[in-house]
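*Asks:* Structure provided below as structure tokens; questions to follow.
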Amino acid sequence: MQLWPIPPQAAVAGGIVLVVALLVLLVWLVRRRRLGPPPAAELPAPLEAPAPAPAPRLRGALAKTRDTLRQRLAEVFGRNRELDAILGSLEEALLSADVGVKSTARILDDVRARATNDGQPDEAKLREALCTAIERSLVADPPKPHTAKPWVILVSGVNGVGKTTSIGKLAARFRAEGKKVLLVAADTFRAAAIDQLGVWAERVGADLVRHQSGSDPAAVAFDGVKAAMAREVDVVLVDTAGRLHTRENLMEELRKVTRVIGKAIPGAPHDVWLVLDATTGQNAILQAKVFSEMLGVTGIVLTKLDGTAKGGAALAVREELGVPILYVGIGERVDDLRPFDAAEFASGLLGD
């Protein structure tokens with residue numbers, strides 16, 4: 001086959017194509033050099049999984065509660081005493097840490113059953129029995145895997161417990177697991193809450209559905225779950241207005257939000273998580289009971305453990321509600337909202 005000479009028409013056409021290609025390449029290089037690299041703010045920051053906080057972090061968060069118990073336990077075990085006398089002092093120590101009457105009674109029964117009742121009880125065995133009893137009081141069955149898509153979680157709680165911040169940190173955790181997340185700003189009573197959730201959505205790379213401040217929370221929730229279905233979202237976190245558990249009209253509005261979500265997606269919300277402030281001690285139990293009766297709470301997020309000597313309230317919440325504690329807040333960082341571990345908590349509560 002003869003390839004040469006090339007016909008004049010083909011040579012001209014090939015030359016034109018080559019010149020055009022070179023010109024396009026030259027223009028692109030010039031524009032790139034003039035514009036420079038894109039600003040750092042426009043580059044999406046890589047989302048890394050929240051690093052699990054090491055055990056010392058939780059131990060540090062429980063320091064105030066542990067110090068209170070440590071002083072009491074030093075008095076309990078500080079001298080030779082009969083078992084009944086030790087258990088009586090131990091009861092006072094647990095109640096002072098807001099462990100609660102029911103939880104304390106259960107723990108003491110467990111300790112008595114495990115300890116030797118020979119008039120000269122072994123301190124090491126009693127301490128071990130106490131740690132085991134606390135762990136058993138807190139442990140819960142592992143959560144069942146969620147098959148719903150989207151998985152809709154309604155997040156509730158009274159004012160000031162750290163609800164919106166907890167939602168942002170939960171969203172960061174779900175995003176790090178590779179899930180597509182949508183936040184619903186149904187706390188329409190506070191413009192600041194809507195803006196705060198918007199900041200979190202942008203920070204963690206989640207979608208956001210919001211209305212104007214003062215809008216109907218149920219309408220926002222409805223639009224949010226509908227958008228989640230259209231966008232094939234994995235997890236929906238619905239923020240709700242912080243409200244006093246003693247205000248019946250506000251609690252009824254929260255029930256309305258729940259009903260509307262159920263109309264948009266049958267069976268939703270699939271979970272109702274209640275955010276509680278550990279610093280409120282036994283008051284958190286009263287809040288939890290009311291919310292649980294009205295909404296059917298399925299999980300607890302316990303915040304501000306690092307700022308209280310009432311960390312024992314975790315045991316009271318678990319005992320009174322029978323609802324698992326899912327996450328605990330031990331600081332301000334994103335990874336300071338961490339999955340709850342009963343053994344680690346018991347160890348951090350008692351120390352060495």
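The values are calculated or read from the model by the stated rules, or taken from the named source; none is laboratory data. None of these values were measured; they are calculated from a predicted model. Please note: Cβ atoms are built from the backbone with ideal geometry, for glycine as well, and neighbour counts cover all protein chains shown. Please note that ligands, DNA and RNA were not included when accessible areas were found on the heavy atoms of the full protein model with its side chains. Shrake-Rupley method; radii C 1.70, N 1.55, O 1.52, S 1.80 Å.
*Asks:* Mind listing which GluC sites (Glu not before Pro) in the stretch 234-343 are in a DSSP loop and have 14 or fewer other Cβ atoms within 10 Å? Please report the intermediate quantities before stating the final value.
*Replies:* On the way: sites: GLU248, GLU252, GLU253, GLU293, GLU319, GLU320, GLU332; in loops: GLU332.
Passing both the DSSP loop test and the Cβ count: GLU332.
*Asks:* While we're looking at this one, here's another question. Please list, ordered by chain and number, the residues whose modelled amide H lies under 5 Å from the amide H of ALA186; skip anything fewer than 5 residues away on the same chain.
*Replies:* Sorted by chain and number, the residues that satisfy this are ASP239.
*Asks:* Can you spot the aspartates and glutamates whose alpha carbon is less than 19 Å from LYS144's alpha carbon? Ignore those fewer than 8 places along the same chain.
*Replies:* GLU177, ASP234, ASP271, ASP341
*Asks:* Sticking with this one: For a quick protection proxy, order the peptides 104-115, 268-279 by their average other-Cβ count within 10 Å, most packed first. Walk me through the numbers on the way to the answer.
*Replies:* Values: 104-115: 17.5, 268-279: 23.7.
The peptides rank, most packed first, as 268-279, 104-115.
*Asks:* For the stretch 100-211, which whole percent of the accessible surface, found with a 1.4 angstrom probe, sits on carbon and sulfur atoms? Could the numbers behind the result be given before it?
*Replies:* On the way: 2650 of 5410 Å².
Using a 1.4 Å probe with all protein chains present, the stretch 100-211 comes out at 49 percent carbon and sulfur.
*Asks:* Right, another one. Express the relative contact order of the stretch 246-336 as a whole percentage, based on alpha carbon pairs under 8 Å and six or more residues apart in sequence. Mind showing how you got there, number by number?
*Replies:* On the way: 122 pairs, mean separation 24.3, N = 91.
Rounded, it is 27 percent for the stretch 246-336.
*Asks:* May I pose another question? On average, how much accessible surface per residue is there in the stretch 169-246, in Å², for a 1.4 Å probe, leaving out ligands, DNA and RNA?
*Replies:* Values: 3170 Å² over 78 residues.
For the stretch 169-246, the solvent-accessible area averages 41 Å² per residue.
*Asks:* Let me ask something additional. Ordering LEU22, LEU321, LEU130 from largest to smallest accessible area (1.4 angstrom probe), what's the sequence? Display every interim value, and only then the final one.
*Replies:* On the way: LEU22 105, LEU321 35, LEU130 5 Å².
Final ranking, largest accessible area leading: LEU22, LEU321, LEU130.
*Asks:* Same structure, new question: Hey, which of these cross-link pairs are over 28 Å Cα-Cα: LYS263/LYS289; LYS180/LYS263; LYS64/LYS289; LYS149/LYS304?
*Replies:* Details: LYS263/LYS289 26 Å; LYS180/LYS263 22 Å; LYS64/LYS289 26 Å; LYS149/LYS304 31 Å.
Distance filter (> 28 Å) returns LYS149/LYS304.
*Asks:* While we're on this one: With unit charges on the beta carbons (Lys and Arg positive, Asp and Glu negative) and the dipole taken about the Cα centre of the stretch 282-352, which residue among SER347, VAL328, THR298 sits farthest to the positive side?
*Replies:* Going by the charge dipole, the pick is THR298.
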